[in-house]
Amino acid sequence: CYCIRAGKIDDTALMSEVSVDEMAEFFLYAKEINALVANSRSKQLDKLVTVLTANDLAGVQLVGGDATFRKALGAASSKANELYPNTAGPTFLLNLPRLFAALTKLFTPLFPKEVRKRLKFERGPLGKIEELTDISPNGNPAEREKFLKEVDAMLAN
């Protein structure tokens, strides 16, 4: 599981320190690490393992933000789909701002079936976890267990 806390990123400050290419390269580096782990686990288990992405959108601003950050995300995403087509698993968009959540409910039925299978919109998971290290293997066992149960429930839907 690859967790992102988009609402905690100060994209304007970040992009004042790095270029679009550097940011895109960092995102691709993270995808490469995830692909290496997925490939290793696939070999160990003798079955294809994919990477689940959990993007916690709590605190994300619907208007504003840095356009160059979005450009870096878009560039990295396009390149990652080309480089790592077999490792992309489901994507959970968690704790969406209320307006965006309402719009999502309206438009999700219009998405192609394959897109609906890969995208999940949920409230709750990660919402009360302050630090992602709490759900890491060396973190808080109770928090990790709760998070993993929530992920399993979302996968079942």
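The values are calculated or read from the model by the stated rules, or taken from the named source; none is laboratory data. Everything numeric here is computed off the predicted structure, so don't read it as measured data. Note that each Cβ is placed from the backbone with ideal geometry, even for glycine, and that neighbours are counted across all protein chains shown. Ligands, DNA and RNA are stripped out before the accessible areas are found, and what is left, the full protein with its side chains, is counted by its heavy atoms. Shrake-Rupley method; radii C 1.70, N 1.55, O 1.52, S 1.80 Å.
Scaled against 2.2 N^0.38 Å for its residue count N, the alpha carbon radius of gyration of segment 23-91 is 1.28. Protein heavy-atom accessible surface, 1.4 Å probe, per residue over the chain: 66 Å². Of the solvent-accessible surface of segment 3-157, computed with a 1.4 Å probe over protein heavy atoms with every protein chain present, carbon and sulfur atoms account for 57 percent. Would you kindly give the portion of the calculated P(r) for segment 77-116 that falls above 17 Å, as a percent of all Cα pairs? Tail of the P(r) past 17 Å holds 50 percent of the pairs. The P(r) of the chain has a tail past 26 Å containing 31 percent of all C-alpha pairs. Ordering 102-114, 8-20 by mean Cβ neighbour count within 10 Å, with the highest value first, yields 8-20, 102-114.
Pull up all non-local amide H partners of A58: gap of 5 or more, or a different chain, and H-to-H distance under 5 Å with H placed in the peptide plane. It is G7, by chain and number. Projected label points at K105 and A153, each 7 Å from Cα along the beta carbon direction, are separated by 1.8 nanometres.
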